[in-house]
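Heads up: the structure comes next, in structure tokens.
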Amino acid sequence: MMRRRDFLRNTVAGAGALLFSRRSSPFAAGEISPTADSRIEVLLNEPLGIISPNIYGHFTENLSGVIYDGVWVGADSKIPNLNGIRKELVDEMKKIKPPVVRFPGGCFADGYDWRDGVGPAEKRPRRTNFWAEWETSAAPASHRYDPNHFGTNEFVQFCRLIGSQPYLAANVRSLPAEEFYRWIEYCNSPAGSTTLADLRSQAGYPDPFNVRFWGVGNESWGCGGNFTPQEYATEFRRYTTWVPLYKQEMAFIGSGPNSDDWNWTRGFFEEIVRKGKDQLRNLYGWALHYYSWNLSRGRTQDWEKGKGDALNFDSVDWYELLREGDRMESLINGHWQIMGELDPEHSVKLVIDEWGPWYRPGSEQTPGDQLEQTPTLRDAVFSGMTLDTFNRHPEKITLAACAQLINCLNSLYLAHEDKFCVTPVGHVFEMYAAHQGGQAVRTIFSAPTVTYERDGKPASFWGLKGSASLREKTLVLTLVNPHVSEARLTEIGVRGATLQSGTATTLTNPDIHAHNSLAAGSVVSPQSRNLEIKGKLLTCTIPPASVTKLTLALT
Ligand code: AHR
């Protein structure tokens, strides 16, 4: 393992040429702290692009406890609500500036008839939920048989309450294209213009919903129709060739690859452009889904056997999850490269509309909530790392959605009846909201590599990483220290400006398993402190197993 002094000597020697040839570096010889073990240099003169606020999006599928009990409690409930929507959720979400929410699925979307969820609530049909066959006996009836009390109107109202844009996923597997057009008509046709606009008005919504984001199917390689990429491309062309147009411009999102399925991306793009490059005009975004689930340390690729435990894990499992999550960067680069071969202007951007860790069942706080897991500090660090990855690729990623908002996989919130808590992942979203709409700038991180033993063999992980964005004279720098036990003493310099003052907000805990729960409330929450800045460099301690946001005033 490289020791602290060796690391500094190597870094200084390696950077020597840079230091002397580019005099504006804040790391001028002589100012370097002898005690620092790592370094961050923010290059204001190397902008990467504007961070789309929409990469901080969310996903609410009609799946077990996500909608019923999570988002929707019903207007007659004793639980404080706004026309049936859980009030505490709305209040908390306002703190994270949620830009966009995806609904109704997920796999649920390709079996959903949007007409079941509009019109008077008492007349709406009950339908078998896509997820019914995997529900346990502890699940309430609403998880198996969808009462359709939460439909398009209620979803759009939820979005309005939290200040988000709706992103609707259309059913390509089991409804004809005609029904896609009618759903658009219901949502976007002006008051009084169509029979469906009248139906919307009768429900109390005369003004169009102006839905911009439309997913054309979900996981069309699997639950969404089991298509080949060529077949799906044909369906995509057909569904989007003509749609009713109103004032609201629409953005169609294609059902993209699962993880590193390069063939899906290549096959789809080749087929789409076979009729000419102009066929790409209807494709706004290409949606990658990537879950980090395999903690078997290379022993299996089996979806059930390979999963790890959400709460019971050792430090190797901690690093293994982060390694799995860190694959996101190569997936972004890999799919982007293939897309560029067939779309050299990159008119189509990446959407990452399902991401997060996926553990085996067992940590659900509400018995019967299928796919619910309890996020720990490990998931907060994972989420900070993932959001930093997105921030570093602003020219590629236009939208993303964490899976899923509440009572599910990488949830920001857990709720059951009148109990509610913000998870460590929710806190990370609140911290990172400051990046939305900022100018991402290239940042160089140098730190000792984390080394550990993985089944008797040496393994490693990077020692410190993050992302930086600038808005006027405020620099936001977010950092992840993945080391389970070592703090980093880091020197931070900004090339192109002078540091004036700053604050640090850190989310950590001495116990890497720490989590918040419905029973025990808040154990993990961010703490802020003022920073002392002397000279050109800021020296800052980044605790082990932590996510930190530095908010720095520049001149
Ligand atoms: O998020 C849970 C499920 O994972 C979604 O329904 C599906 O799209 C994905 O496979």
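The values are calculated or read from the model by the stated rules, or taken from the named source; none is laboratory data. Everything numeric in this text was worked out from a predicted model, so none of it was measured. No Cβ is skipped: glycine too gets one built from the backbone with ideal geometry, and neighbour counts run over all protein chains shown. When the accessible area is computed, the model is the full protein with side chains, heavy atoms only, and any ligands, DNA or RNA have been set aside. Shrake-Rupley method; radii C 1.70, N 1.55, O 1.52, S 1.80 Å.
Restricting attention to the stretch 53-102, the residues that are basic (Lys, Arg) and open to solvent by less than 20 Å² (accessible area, probe 1.4 Å) total 2. When residues of the stretch 269-296 are filtered for being part of a loop (DSSP other than H, G, I, E, B) and of a type in the set (Ser, Thr, Tyr), how many remain? Going through the stretch 269-296 one residue at a time, the tally reaches 2.
Pairs under 8 Å by beta carbon, first residue under 30 Å from Thr366 (Cβ atoms) in the stretch 43-66, partner charged (D, E, K, R) and assigned to a loop (DSSP other than H, G, I, E, B), six or more apart or different chains? So the pair list comes out as Tyr56/Lys97; Ser64/Glu135; Ser64/Asp369; Ser64/Glu372; Gly65/Asp369; Gly65/Glu372. Among the strands (runs of 3 or more DSSP E) confined to the stretch 448-539, the ones with at least 2 residues that are touching a Pro at 6+ places or on another chain (Cβ under 7 Å), open to solvent by less than 60 Å² (accessible area, probe 1.4 Å) and at pLDDT 95 or above are located at 488-495, 499-507.
If you go through the stretch 248-260 and keep only what is within 19 Å of Phe180 (Cβ to Cβ) and either in a loop (DSSP other than H, G, I, E, B) or open to solvent by 10 Å² or more (accessible area, probe 1.4 Å) (or both), you end up with Gln248, Glu249, Met250, Phe252. Taking the numbered list (1) under 22 Å from Leu321 (Cα atoms); (2) in contact with a Lys or Arg (Cβ under 7 Å, 6 or more places away or on another chain) in turn, Gly285 passes all entries but (1).
Restricting attention to the stretch 96-133, the residues that are in a helix (DSSP H, G or I) and either within 13 Å of the ligand (Cβ to nearest atom) or of a type in the set (Asp, Glu) (or both) total 8. Name the residue that is surrounded by the fewest Cβ atoms within 10 Å (Cβ to Cβ), counting only residues in the stretch 261-288 that are in contact with a strand residue (DSSP E or B) (Cβ under 9 Å, 6 or more places away or on another chain) and of a type in the set (S, T, N, Q). The selected residue is Asn263.
For the subset of the stretch 295-306 comprising residues that are open to solvent by 20 Å² or more (accessible area, probe 1.4 Å) and polar (S, T, N, Q), which member is nearest to the ligand (Cβ to nearest atom)? Looking at the filtered set, the residue picked out is Gln301.
Among the residues of the stretch 222-234 satisfying the criterion of being near the ligand (Cβ under 10 Å from one of its atoms) and over 21 Å from Met250 (Cβ atoms), which is surrounded by the most Cβ atoms within 10 Å (Cβ to Cβ)? Residue satisfying both the conditions and the ranking: Cys223. Whether a residue is part of a loop (DSSP other than H, G, I, E, B) and more than 21 Å from the chain's Cα centre (by Cα) was assessed, and Val243 passes this test.
Here Gly256 qualifies as in contact with a Leu (Cβ under 8 Å, 6 or more places away or on another chain) and within 16 Å of the ligand (Cβ to nearest atom).
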